[in-house]
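Asker: Below you'll find the structure I mean.
The values are calculated or read from the model by the stated rules, or taken from the named source; none is laboratory data. Here the structure is a predicted model, which means the values were calculated and not measured. So basically every Cβ, Gly included, is an ideal-geometry build from the backbone, and we count neighbours across all protein chains shown.
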Amino acid sequence: MLKLTILGNSAAIPTLNRNTTAQILRHEQHAFLLDCGEGTQIQILKYKIRSNFEAIFISHLHGDHCFGLVPLLSSMSLNGRKTELFIIGPQDLQNYVQTQLNFTQAYLNFPLHYLVPQENNQVVYENANLEVRAFRLNHRIETYGYVFREKPKPPKFLVEKARALQVSPHLFKLLKKGIAVENIHGQTILPEQVLGQRKKNCSYAFCTDTAFYPEIVPYIEKVTLLYHEATFKHSEIQKAVETYHSTALQAATIAQLAQVQKLLIGHVSARYFNLEQEVVQEAQTIFPHTEYAQEGKTFLIE
Ligand SMILES: [Zn+2]
């Protein structure tokens with residue numbers, strides 16, 4: 001299971017009740033930050049989130065996705081962080097961070113490791129149970145989407161069942177590997193007789209900002225939850241095309257093409273003040289299982 005908390009979802013500028021893009025993704029004991037709009041560190045305090053991130057994934061260098069990064073890093077250091085931190089994002093990200101740190105004579109007490117995705121579907125981060133891949137989106141500047149997928153776990157070995165079927169304990173390891181064995185009476189015991197249910201592997205794709213871009217479908221196919229930007233309603237399709245953003249209908253079309261389980265839309269333009277539900281309803285005409293990425297809300301991905 002993954003857990004996603006929305007810290008901001010506004011496009012371009014913050015409003016009084018909507019911050020710009022930032023999300024926290026948790027998996028087991030690991031935490032990740034996705035984009036870091038202005039004021040993200042205040043949102044972290046407001047929603048009582050521990051900033052013990054292992055990695056930060058930045059989609060692109062437009063201000064509404066990264067203006068909060070250097071202040072957050074500086075506060076993490078002042079709060080005593082010593083653990084290394086991975087930062088994944090566009091080519092100029094390191095220069096952007098380092099320049100601000102240099103000009104403000106800020107010093108970080110922990111090492112930063114930068115990684116720039118080089119090709120579509122490249123693994124940019126992994127641990128024992130999770131893998132993250134990056135792919136290019138279609139925006140005005142270099143922009144990446146990220147997909148987080150749980151690695152398959154071997155099914156649980158049901159030791160009591162194996163004993164009841166009178167299998168010698170020295171053969172347990174073969175059954176665990178999926179190899180059939182004989183019990184003490186010479187009867188064949190199949191692995192599925194002594195293995196539990198395989199757990200479902202959950203996944204999350206983060207796609208912001210982008211024009212309508214079906215080329216991403218192979219990378220996000222069948223994810224449990226897709227976050228896709230929906231800056232405009234379809235009546236403003238021309239504006240979306242000009243600015244390399246998507247409409248709610250286009251986000252829903254991507255969800256449908258990729259056969260995802262559920263769609264979350266955000267990055268809704270500040271012009272739709274209090275009209276978020278209308279944007280969601282528009283998406284639902286194509287993809288009914290759509291929700292709005294409400295700030296402060298946590299979504300369980302299971
Ligand atoms: Zn942008």
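Asker: Going through the stretch 268-288 one residue at a time, which ones are buried (at least 20 other Cβ atoms within 10 Å of the Cβ) and under 16 Å from residue 237 (Cβ atoms)?
Answerer: 268, 269, 279, 282, 283
Asker: Just to verify a result, which residue in the stretch 15-34, among those that are in contact (Cβ under 8 Å) with a residue 60 or more places away in the chain and over 18 Å from residue 203 (Cα atoms), is surrounded by the most Cβ atoms within 10 Å (Cβ to Cβ)?
Answerer: Going through the qualifying residues, I end up with 21.
Asker: Out of the stretch 122-141, which residues are among the polar types (S, T, N, Q), part of a loop (DSSP other than H, G, I, E, B) and away from the ligand (no atom under 16 Å from the Cβ)?
Answerer: Hit for the stretch 122-141 is 129, nothing else.
Asker: I've got another one for you. Can you pull out the residues in the stretch 191-225 that are among the aliphatic types (A, V, I, L, M) and at pLDDT below 95?
Answerer: Within the stretch 191-225, 194, 195 meet the criteria.
Asker: For the subset of the stretch 113-144 comprising residues that are basic (Lys, Arg) and surrounded by 15 or more Cβ atoms within 10 Å (Cβ to Cβ), which member is nearest to residue 96 (Cα to Cα)?
Answerer: Per the stated criteria, the residue is 136.
Results for (1) closer than 23 Å to residue 270 by Cβ; (2) assigned by TED's automatic domain parsing to the domain that holds residue 270, shown as yes or no for each residue.
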position	(1), (2)
180	no, no
189	no, no
212	yes, yes
225	no, yes
232	yes, yes
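Asker: More than 16 Å from the ligand (Cβ to nearest atom), in the same structural domain as residue 132 (by TED's automatic domain parsing) and free of Cβ contacts under 8 Å to residues at least 12 places away in the same chain: does that describe residue 79?
Answerer: In short, no.
Asker: Related question: If I go through the stretch 142-171 residue by residue, how many of them are touching a helix residue (DSSP H, G or I) at 6+ places or on another chain (Cβ under 6 Å) and not in a strand (DSSP E or B)?
Answerer: Number satisfying all stated conditions: 3.
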